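**Student:** First the structure, then my questions, so here it is.
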Amino acid sequence: LAKTTQPISMDSYEGQEVNITCSHNNIATNDYITWYQQFPSQGPRFIIQGYKTKVTNEVASLFIPADRKSSTLSLPRVSLSDTAVYYCLVDNAGNMLTFGGGTRLMVKP
Amino acid sequence: DTGVSQDPRHKITKRGQNVTFRCDPISEHNRLYWYRQTLGQGPEFLTYFQNEAQLEKSRLLSDRFSAERPKGSFSTLEIQRTEQGDSAMYLCASSLAGPVNEKLFFGSGTQLSVL
């Protein structure tokens with residue numbers, strides 16, 4: 001199973017761009033990289049998914065280098081409502097989709 | 001798309017009692033997952049179904065835990081003889097299996113407190 005490593009926590013201020021990097025050194029050829037966001041007392045919510053290079057949607061961008069051993073979630077101009085835990089997933093072996101500890105992002109005014 | 005629904009949202013029980021949680025997935029989704037989450041930790045995989053078949057259950061925490069998905073629609077997770085250590089949020093997610101990696105859609109969870 002591909003193991004992911006993320007920073008435990010990050011602080012930012014409103015209006016700044018936030019980049020959260022996830023390491024996944026033993027990612028498998030068929031694995032995609034998926035990021036989820038979780039607010040307190042709610043289930044995680046899908047943010048973005050990619051395989052290589054760059055993916056962008058209305059919420060975030062995902063940057064994946066050629067070796068795919070890491071990925072970076074980029075949140076442009078964060079607001080207080082972006083305060084949440086962000087999880088990076090790459091496990092897909094046997095469909096036991098495994099979450100790590102995530103990154104707790106605190107956005108300050 | 002009405003989303004994934006879990007019932008109840010909260011459950012308080014006494015140690016030794018049995019509890020059952022229900023999950024109604026998004027209607028066209030064929031995969032259903034159960035996770036457990038304790039405070040400050042990421043969701044922990046328990047088991048998953050594809051249609052009515054339970055394809056992985058080795059991660060269920062003990063033989064007190066069991067899950068069913070009759071007819072491939074809703075699912076139930078039962079915990080027998082609850083212990084205080086079972087107190088956690090139990091999350092259900094569903095997805096549509098396909099050629100691209102899955103996207104999980106989660107419910108709001110059932111918060112279990114064992115007294």
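The values are calculated or read from the model by the stated rules, or taken from the named source; none is laboratory data. As the structure is a prediction and not an experimental result, all values here were calculated from the model. Counting neighbours? That spans all protein chains shown, and the Cβs are built from the backbone with ideal geometry, glycine included.
**Student:** If I ask for residues that are aliphatic (A, V, I, L, M) and not in a loop (DSSP other than H, G, I, E, B), which ones from the range B:1-48 would you list?
**Tutor:** Within the range B:1-48, B:ILE12, B:VAL19, B:LEU32, B:LEU46 meet the criteria.
**Student:** Is there any pair linking a residue in the range A:57-73 that is under 17 Å from A:GLN37 (Cβ atoms) to one that is in a loop (DSSP other than H, G, I, E, B), with Cβ under 6 Å and at least six apart or on different chains, and which?
**Tutor:** Filtered contacts from the range A:57-73: A:LEU73/A:ALA60.
**Student:** Of the residues A:TYR51, A:TYR86, which is over 10 Å from the mean Cα position of the chain (by Cα) and not small (Gly, Ala, Ser)?
**Tutor:** A:TYR51 is the lone residue from the list that is over 10 Å from the mean Cα position of the chain (by Cα) and not small (Gly, Ala, Ser).
**Student:** Next question, about the same structure. Could you please find all residues in the range A:41-66 being assigned to a loop (DSSP other than H, G, I, E, B), within 10 Å of chain B (Cβ to nearest Cβ) and surrounded by fewer than 19 Cβ atoms within 10 Å (Cβ to Cβ)?
**Tutor:** Hits for the range A:41-66 are A:SER41, A:GLN42, A:TYR51.
**Student:** Continuing with this model, one more query. Is the range B:26-45 home to any residue that is under 13 Å from the mean Cα position of the chain (by Cα), crowded, with 19+ Cβ neighbours inside 10 Å, within 10 Å of another protein chain (Cβ to nearest Cβ) and among the hydroxyl-bearing types (Ser, Thr, Tyr)?
**Tutor:** The answer is yes, given that some residue of the range B:26-45 is under 13 Å from the mean Cα position of the chain (by Cα), crowded, with 19+ Cβ neighbours inside 10 Å, within 10 Å of another protein chain (Cβ to nearest Cβ) and among the hydroxyl-bearing types (Ser, Thr, Tyr).
**Student:** Sticking with this structure for a sec: Across the range B:57-102, which residue is farthest from the chain's Cα centre (by Cα) among those that are buried (at least 16 other Cβ atoms within 10 Å of the Cβ) and assigned to a loop (DSSP other than H, G, I, E, B)?
**Tutor:** It comes out as B:ASN101.
Residue by residue, here is whether (1) within 26 Å of A:GLY101 (Cα to Cα); (2) modelled with pLDDT of 90 or more; (3) among the basic types (Lys, Arg) holds:
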| site | (1), (2), (3) |
| --- | --- |
| B:GLU56 | yes, no, no |
| B:LEU60 | yes, no, no |
| B:LYS71 | no, no, yes |
| B:THR82 | yes, yes, no |
| B:SER87 | yes, yes, no |
| B:LEU91 | yes, yes, no |
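**Student:** Which members of the range A:3-18 meet the condition of being among the small types (Gly, Ala, Ser) and surrounded by 13 or more Cβ atoms within 10 Å (Cβ to Cβ)?
**Tutor:** A:SER12
**Student:** Could you check how many residues of the range A:23-56 are free of Cβ contacts under 8 Å to residues at least 24 places away in the same chain, of a type in the set (D, E, K, R) and either under 21 Å from B:TYR33 (Cα atoms) or in contact with a Phe, Trp or Tyr (Cβ under 7 Å, 6 or more places away or on another chain) (or both)?
**Tutor:** 2
**Student:** Condition test on A:GLN16, is it modelled with pLDDT of 95 or more, in contact with a Lys or Arg (Cβ under 9 Å, 6 or more places away or on another chain) and within 12 Å of chain B (Cβ to nearest Cβ)?
**Tutor:** No; evaluated as a whole, the condition is false for this residue.
**Student:** Quick one: which of B:LEU46, B:LEU96 is under 30 Å from A:GLY50 (Cα atoms) and in contact with a Phe, Trp or Tyr (Cβ under 6 Å, 6 or more places away or on another chain)?
**Tutor:** Of the residues listed, the single one that is under 30 Å from A:GLY50 (Cα atoms) and in contact with a Phe, Trp or Tyr (Cβ under 6 Å, 6 or more places away or on another chain) is B:LEU46.
**Student:** Looking at the range B:80-104 only, could you name the residues that are within 17 Å of B:LEU46 (Cβ to Cβ), within 11 Å of chain A (Cβ to nearest Cβ) and hydrophobic (A, V, I, L, M, F, W, C)?
**Tutor:** Hits for the range B:80-104 are B:MET89, B:LEU91, B:CYS92, B:ALA93, B:LEU104.
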